[in-house]
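Before any comments, here is the structure.
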Amino acid sequence: MLKFKKMGSDKVPLLLVTANVGSIFEEPSVMLPIWTSEFLQAVSRMDPKFIALHLQEVGGKTYEKSMQYVQEFVQRLCDCPELRLYDKIRIFLDEDFSSPEKFTALGNMYFAHSTLTDIKIWDFETKGYIEVVGKEVNSGNIEKVTTKEKVKFPQHFFPECKWSRKGFLRTRWFLRGTAVEFVNIHLFHDASNLLAMEPFPSVYCRSRRRALRHTLRHLHSDVNAAPYFIFGDFNFRTDTGAVVKKVTEELTACRLQNGANVDSSKLQYRSEADDRIVLTVGKKEFAHVDHQKIFREPWLQRYDRELEALRPHLFEFPVKFPPTYPFEEDVQLPTHYMKTRCPAWCDRVLLSQSARLLIQLGQSDLRSAEARHLHGSRKSVTDSTDSSGRVSSSDSSPARSNSPARQNNQSSPGKVLEKKGSVADFDALSVPGITVSRKSIADPTSIQHALNARLCSSASSRRRLVRNQSEGSPKPEPHEPRRRADVTPRRRTDYGVIGNATCMGDHKPIYLRVMLQSDRGNFRHEFHSEASPKHAKMEEQESQDSIESPNSRYIHFKMDSPCSIFKETDI
């Protein structure tokens, strides 16, 4: 039985933002001021102490011409009054397009408030944390910058594209005694709507899954890894074939072919009643007669399926905003979708399982997490496959356990909790056809017990408070109205859109505001690669219990399984 000290009351408000900024550099004189204004308004409204801004397609699609505007963009942010109190800045911009084998066009920008002390960044070369002071901008060719890690995906991951800039860029931080990683990622797009209509998962979905599995394997193979937030342009698309089937019920389909040119072929769906064209689908055309309304309705979200296979490995707060792509690049039409793709939630902020309990959750978050866990526990991604061999899955609620308090060792802050996974875990995220019959070890039930205990504890406290007030507090006089707060309290977690009613380019920026617990130390992920994916030994599901007494100062973790993935060690 291990005991971990419960967290203190000190929290770090984080603001995590992801934005594909490619289109704003196409018309910089108009779009850059609008975009930065909306971003800075969001910063002022949410008042974070640490900002992580992840950008994709820095410099735009025609980066040879528009990369010159990137420095103006950076200077505009660094000099603005809204960020004047953020005195610790680290910027990483991959701008060297002369090296196509390494160029990713990713940009990571981090701003730490002057009141946030005890902040360090990881040096991937020396394998230790170093103090963060002042402003440091790394741009152009950043291959030799050691406080970041940049990886470009192999070309064979996306053979449909002649040349790709997709990859990931990560940094690791030690914020007030808690180690976390921020991973900026850009996955492959759908090149053709017609190919995307094939049965789910499409060839593009499988390419994205392969690249994301590659990223997760890389993160978990790092013995110094910390809990991570992975946010960027995942290019997740809706199940296009199922969406088309839904919106074309009782319609008649016909194919238009322009000679032997396959790329020019289209599918048209007509209403038999008045012979009206309701939907047209081409390689780069997806146009519905009621395009601006129908894809904002709630039914579309059930076809947002690409994250299903990752639920046991990654967590996402409930999505309550409309699809983030593709919007018109027109300031007069800020809320209109382009008729080129089926609208989808491409831009996301996801958490690793080990990062989840680093976040202080409100009561609504706990209830939502509990509901998602109960729904997902009925059928995990690694429990079964369908008749075609594709992995079938549903939601589950991954999480992690608590960490020891920090120590003063700069390169080895605090104790370490190891999370061990096998190669087979991540092979289950690969392309369909892999049959996995065991339950996932990546969804420890201990975390749900801890969340439930926290929820029960808070509910019990509220009941005691209400009872004490009713028994001992004087009731207000009839003529004295009960006071209400003038300002609605800020939610501990907030997941939404920046510039919802403003033109922000073809992608809407997505943000997640959370409260990071302090003094949690470092949780290390250890990945076993000695066994091949095909012959990886099946591990039993851990019998791990978590109990948190409302009056206890500790969270207890029972580790009685020889295959437990949690282990406490010293650095």
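Values computed for the structure shown
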read-out	value
Contact order normalised by residue count of the range 237-361, Cα under 8 Å, 6+ apart, percent	25
Magnitude of the charge dipole, the range 241-306, Cβ model with Lys/Arg +1 and Asp/Glu -1, debye to 20	200
For the range 105-199, fraction of C-alpha pairs farther apart than 17 Å, in %	61
Rounded to whole Hz, the Karplus (6.51, -1.76, 1.60) HN-Hα couplings of the range 305-314, x for glycine and proline	10, 5, 7, 3, 5, 10, 4, x, 10, 10
Packing-based ranking, highest mean first, of 66-73, 322-329 given that Cβ atoms within 10 Å are counted	322-329, 66-73
Segments 51-60, 174-183 sorted - mean Cβ within 10 Å per residue, highest first	51-60, 174-183
Portion, in percent, of the accessible area of the range 185-266 that falls on carbon or sulfur, probe 1.4 Å	50
Which listed pairs, of LYS88/LYS144; LYS135/LYS166; LYS61/LYS339; LYS11/LYS293, have C-alpha distances above 29 Å, in listed order	LYS11/LYS293
³J(HN,Hα), Karplus 6.51/-1.76/1.60, whole Hz, each residue of the range 195-208, x for Gly, Pro	6, 5, 7, 5, x, 5, x, 6, 4, 6, 4, 5, 5, 5
Loop trypsin sites (Lys or Arg not before Pro), the range 33-136, which have at most 10 other Cβ atoms in a 10 Å radius of their Cβ (DSSP)	ARG84
Per residue solvent-accessible surface (Å²) - the range 173-239, probe of 1.4 Å	19
Environment charge of PRO334, counting only residues whose C-beta is closer than 11 Å and scoring Lys/Arg +1, Asp/Glu -1	-3
Per-residue ³J(HN,Hα) for the range 216-228, Karplus 6.51 cos²θ - 1.76 cosθ + 1.60, θ = phi - 60°, Hz, x for Gly and Pro	5, 4, 5, 5, 7, 7, 7, 5, 9, 5, 10, x, 10
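The values are calculated or read from the model by the stated rules, or taken from the named source; none is laboratory data. Note that the structure is a prediction, hence the values are computed from the model and not measured. Because the Cβ atoms are built from the backbone with ideal geometry, glycine has one as well, and the counts that use them run over all protein chains shown. Note: accessible area is taken over every heavy atom of the protein model, side chains too, but ligands, DNA and RNA are not part of it. Shrake-Rupley method; radii C 1.70, N 1.55, O 1.52, S 1.80 Å.
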